[in-house]
Amino acid sequence: MSDLDSLQSQILSDIAAAPDEAALEAVRVSALGKKGAISALLATLGKMSPDERKTQGAAINRAKDAVNEALTARREVLKAAALDARLASETLDVTLPLRDAPAEAGRIHPLSQVWDELTTIFADMGFAVAEGPDIETDDYNFTRLNFPEGHPAREMHDTFFFNPKEDNSRLLLRTHTSPVQVRTMLNQKPPIRVICPGRTYRIDSDATHTPQFHQVEGLVIDKGSHLGHLKWILHEFCKAFFEVDRINMRFRPSFFPFTEPSLEVDIQCRRDKGEIRFGEGEDWLEILGCGMVHPNVLAACDIDPDVYQGFAWGMGIDRIAMLKYGIADLRQLFEGDVRWLNHYGFKPLDIPTLAGGLSS
Ligand code: DAH
């Protein structure tokens, strides 16, 4: 057997014995790589006589082809064996439940959803969002809103007071979002068009009252603002919010110290087998208080009541959330029960827009 023949048969048996693709690659490099045995033989051709080169060249190239062929065949075998081994070791239980995609996990609380919905609606009408602190002064929560000292309307607010300070003044947890009206008027020149959604507090707890709840205040101050504007805004809001074409509203005379005249607003509805429909029916549900801002309030907030006038309203966010989404007990909104939230909550990426739908 010539040297070339024995080299070839050695390489072929190495190929056949290679246990995996890495070992096979090592055999390939030792035979055909830059410093491989066959490459070394090919490099000797240059020094041969033309006749020798003809016979030796052909023989070496045959050996090279044979090695390449064997490498390809063995690679296929090893690949198939590796795949078989993987398939045998990895198992997939197709009966397992699917895991939620990250964007599907978690739910937006109905209150946050309603908060976003109403902000979207009023933003579309040109309202900015104003904010104020939960801890307020007596002055902003009551006095500048035309609740005189000792007036019984103060007592109706079941206020959480902090301990009196040395000068006898007391801080409190705001009982309504109306003090944000005061802050806005003191900080901003008319025309003013703001809503103030926020947390509010009163000492009260039953199926329809929680010590902490939410309100959204609205305030418009300009030279010619009047009740007609207010009615239109509230009407458009209710249609957009309850996502209906028609809504009937009833404006009843009422009393608030900070508005004159003051009104309460009911919307018409029909309750039927746990369902509620708006714009029809015999029931009237109260949803908000409103009125023309009292001249005393304007004056207390450095706005000239002889030049400017305006209107305001205050609405319970919890209440309209319950009405829209069929939540029976107010306290459920505050319990933090994940099972409840999974049922009543909203998908994180379904952001309410007027164009795309508020709640779909
Ligand atoms: N602040 C009132 C309350 O909590 C609600 C309210 C009524 C706000 C009339 C207003 C308004 O701005 O004009 O009971």
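Applied to the range 211-219, the Karplus parametrisation 6.51 cos²θ - 1.76 cosθ + 1.60 on θ = phi - 60° returns per-residue 3J(HN,Hα) values of x, 10, 9, 10, 10, 10, 9, x, 8 Hz, with x for Gly and Pro.
By how many nm would the segment from Arg252 to Ala58 grow when fully extended, if each residue of separation counts as 0.36 nm and the alpha-carbon distance is taken off?
Numbers: separation 194, 0.36 × 194 = 69.84 nm, distance 10.93 nm.
That pair, Arg252 and Ala58, stretches by 58.9 nm at full extension.
Output the 0 to 90 degree angle, nearest 10, between the alpha-carbon long axis of helix 21-32 and the longest principal axis computed from the alpha carbons of the chain. That helix lies at roughly 40 degrees to the long axis. Annotation: amide H-H contacts under 5 Å for Ile303 (H modelled 1.01 Å from N, sequence separation of 5 or more, or interchain): none.
Once the Cα atoms are used to define both axes, helix 50-89 deviates from the longest principal axis of the chain by about 40 degrees. Extension gain, Arg277-His151: 0.36 nm per intervening residue step, less the Cα-Cα distance, totals 41.4 nm. Helix 227-242 and the longest principal axis of the Cα set of the chain meet at an angle near 40°. Converting phi to 3J(HN,Hα) with the Karplus coefficients 6.51, -1.76 and 1.60 and the offset θ = phi - 60°, the range 245-250 yields 7, 9, 9, 9, 10, 10 Hz in sequence order, with x at every glycine or proline.
Annotation: amide H of Ser225 within the under-5 Å range of Gln309, sequence separation 5 or more or interchain, hydrogens built in the peptide plane.
Taking square-rooted eigenvalues a ≥ b ≥ c of the alpha carbon gyration tensor, is the range 104-344 rounded, prolate or oblate, where a/c under 1.5 means rounded and, failing that, a/b exceeding b/c means prolate? Oblate, since a/c reaches 1.5 and b/c is not below a/b. Sorting 305-312, 202-209 by their mean Cβ neighbour count within 10 Å, with the most densely packed peptide first, gives 305-312, 202-209. Ranked by the mean number of other Cβ atoms within 10 Å per residue, highest first, peptides 266-277, 289-300, 185-196 order as 289-300, 185-196, 266-277. A simple packing score, the average count of other Cβ atoms within 10 Å per residue, orders the peptides 172-180, 41-49, 238-246 as 172-180, 238-246, 41-49, with the highest score first.
Readers should treat all values here as calculations from the given coordinates under stated rules, not as data from a laboratory. Here the structure is a predicted model, which means the values were calculated and not measured. No Cβ is skipped: glycine too gets one built from the backbone with ideal geometry, and neighbour counts run over all protein chains shown.
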